[in-house]
1. Taking the range 145-164 as the search range and keeping residues that are of a type in the set (S, T, N, Q) and surrounded by 13 or more Cβ atoms within 10 Å (Cβ to Cβ), which one is nearest to LEU217 (Cα to Cα)?
2. Identify all residues within the range 291-308 that are over 12 Å from the mean Cα position of the chain (by Cα) and outside any loop (DSSP other than H, G, I, E, B); write none if there are none.
3. Can we say ILE120 is among the hydrophobic types (A, V, I, L, M, F, W, C) and buried (at least 16 other Cβ atoms within 10 Å of the Cβ)?
4. Can you tell me which of (1) modelled with pLDDT under 85; (2) part of a helix (DSSP H, G or I) is the one GLY46 doesn't meet?
5. From ILE120, ILE137, grab the single residue that is in a loop (DSSP other than H, G, I, E, B), in contact with a His (Cβ under 7 Å, 6 or more places away or on another chain) and not assigned by TED's automatic domain parsing to the domain that holds ASN202.
6. Can you find even one residue in the range 216-225 that is touching a helix residue (DSSP H, G or I) at 6+ places or on another chain (Cβ under 8 Å) and not in a helix (DSSP H, G or I)?
7. Only one of these conditions is not met by ARG40: (1) surrounded by 14 or more Cβ atoms within 10 Å (Cβ to Cβ); (2) more than 18 Å from ALA124 (Cα to Cα). Which number is it?
8. Select from the range 14-43 the residues that are in a loop (DSSP other than H, G, I, E, B) and at pLDDT 80 or above and list them in ascending order.
Amino acid sequence: MTEQTINELTNFFQQFKTGETKQPVQSNLFFDKAVDYFFRNMEERGLADQTLDFYKKKLLAFRKFLVQIKKVQCLELLTGEEIKFYIESKYSKNKTNTFNCHARALRAFFNYLERDGYLIANPARNIKPKKVRNEKIDYFTIDQVRKLITSFDLRYKSELRNLLLVMVLLDTGVRNSELVRIKLEDINFRERSIYVYATKTNTFRTVYYSKETERLLNVYRREVLKGAEKGPLFVKFHNQYNEPILGSGINTEMVYGLLSRKAKKIFGDDFRMNPHKFRHTFATHFIINGGDAFSLRDLLGHTNIETTKIYVDMSPKDLKTKHTKHSIISNIENNRQAGSGENHEI
């Protein structure tokens, strides 16, 4: 190497010897102040209200624990073992998801404090979610869907609304929070599509509905909404008069309530029927009927294809149907007949 090159390298390494390492300086970091920093950052990032509520609930519960161990005003003294003890106290063998929710919330909180220099050491660094055993997706069978759809008494306008609500859930796979936010202005009647807002991911996407849902929607607009062109799609009703309150939309709790009552009436007390089961049903039958995971991901609004792939793992009965239809052995006779009359040389 030339003398010039040696001097350049010497100067380059010299800066690492003489340079000062900047470390975050923070003493007596109060928990409440740290939470303020954390939520200010999340609001600046434009995270959804549901996400904010999730962290608020988890951090509020954690605050109570910090008060008990007298460390609400000195997070620097908090240890990983104390955090782990707290989370384990919220966990049992039957509640792995509970453990993981608290673990993820606290990891995100302390990771932020370390990243932005409010804490030098991250006590939650080694806190990891537990592995969740994959369980079979709970969805409606075709016969259950038929029984559900034919159970509504359409002499009542509120039942017409309820049937449309079920049809939209089954036909689009929207989340409950997306369903109750649908407005007439969001619907493209020519394209049979709905522009929905996902509060979970703070994004918009387009979903589609069938001609069968379209026919019901047209009747609902005429008989219930009286031809209105703006406002919520699913409206509240007067309890006594069974008349719609135009302009007043339903909420997620009301959807849970009406589905729960319907489940008990037609399937029995132990039958589970909630909005997310309709989303599972839409997704599972989409795959069973030949749809691909990437199209399903866009329709469901998933940000990760791995989340969507759980629906590809169909039940053995469904796989048997697919096998019978597509197996080379099952179709060899058809292939032989199709190829008869042709001479092939090898």
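The values are calculated or read from the model by the stated rules, or taken from the named source; none is laboratory data. Values in this document were obtained by computation on a predicted structure and should not be read as measured data. All Cβ positions, even for glycine, are placed from backbone atoms using ideal geometry, and neighbour counts span all protein chains on display.
1. Per the criteria, the residue is ASN162.
2. Result: ALA293, PHE294, SER295, LEU296, ASP298, LEU299, ILE305, GLU306.
3. No, not satisfied.
4. Of the numbered conditions (1) modelled with pLDDT under 85; (2) part of a helix (DSSP H, G or I), the odd one out for GLY46 is (2).
5. None of the other options fit; the residue is ILE137.
6. yes
7. Going through (1) surrounded by 14 or more Cβ atoms within 10 Å (Cβ to Cβ); (2) more than 18 Å from ALA124 (Cα to Cα) one by one, ARG40 breaks only (1).
8. Once the filter is applied, which keeps residues that are in a loop (DSSP other than H, G, I, E, B) and at pLDDT 80 or above, the range 14-43 yields LEU29, PHE30.
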